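Heads up: the structure comes next, in structure tokens.
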Amino acid sequence: MGIVRGLKGLNEAVESSATREGGEGGKGQWLKVADGKSVKLEFLQELDADSASYDEEAGTGFIATEHSHPKHYQRKGLCSHDDQGRCFGCEKNRSAPKTGWNIKRRLYINVLVDDGTNDPYVAIMSQGLGDKAATPQIIEYANEVGSITGVVWSLKRKGSTKDNTSYTITPLPPTAKRLVKPADAELFDLEKICVRDVPYAEQEAFYMGDDAGNAEVASSTSSNEEW
């Protein structure tokens, strides 16, 4: 299964992405930040179960190794090479390199968000692993401190397209006012909402089926393309 958990694995994924760049089963609320805007947030999950602040009920965020159809990014599934021994996305990438079938890795994690307009709410942060994303900064902090929860962060976006967008995430001083999680707010099930684990025998139809055949997939997919 193309999911990486724990700081050791996450660090290896970041290092690997430097040289090898890389469907949802339900709907979730995705963290969105507009160009030039910033939000305050708190992580509701750790990156590693060995963290002193790890909450077993909350679990951890994870990095997913995925393929997506170059022209239909909603048709996205976990790389199955390690689990199933074969992967349609890997095969397409080998037969037609540089066409967009390469592996892509993303961090998925639950966060509590204060966007300055609405009351704090739970959302899913989705970030790539490139140097313009927030993920390397978050992992570096976890490496140094051992925990990413219990801290208020400021996340700022600059840019509006895939090519010019970058994120900066900064931990605020301990004196920063903590966010208040709504009493009835629940964490999203990341494995059900963020990723699809498609059996190899079904992958060609999943990725290459016509628009009508994939209408349900597209309609149930909330955009999580935060560059």
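The values are calculated or read from the model by the stated rules, or taken from the named source; none is laboratory data. Only a predicted model underlies this, so the values are computations on that prediction, with no experimental measurement involved. Heads up, the Cβs are rebuilt from the backbone with ideal geometry, glycines too, and the neighbour counts pull from every protein chain shown.
Say whether the condition of being more than 30 Å from Asp114 (Cβ to Cβ) and either surrounded by 22 or more Cβ atoms within 10 Å (Cβ to Cβ) or over 16 Å from the mean Cα position of the chain (by Cα) (or both) is met by at least one residue in segment 50-66.
Yes: one or more hits.
Looking only at segment 197-218, filter to residues that are assigned to a loop (DSSP other than H, G, I, E, B) and at pLDDT 95 or above; which one of those is nearest to the chain's Cα centre (by Cα)?
Top of the filtered list is Asp197.
Going through segment 130-185 one residue at a time, which ones are charged (D, E, K, R), assigned to a loop (DSSP other than H, G, I, E, B) and touching a Phe, Trp or Tyr at 6+ places or on another chain (Cβ under 8 Å)?
Lys132, Lys162
Filter segment 26-54 down to residues that are in a loop (DSSP other than H, G, I, E, B) and over 22 Å from Val145 (Cα atoms), then give me how many there are.
Here is the first cut: in segment 26-54, the residues in a loop (DSSP other than H, G, I, E, B) are 26-29, 31-37, 44-45, 47-54.
From what is left, the residues that are over 22 Å from Val145 (Cα atoms) are 26-29, 31-37.
Total meeting the criteria: 11.
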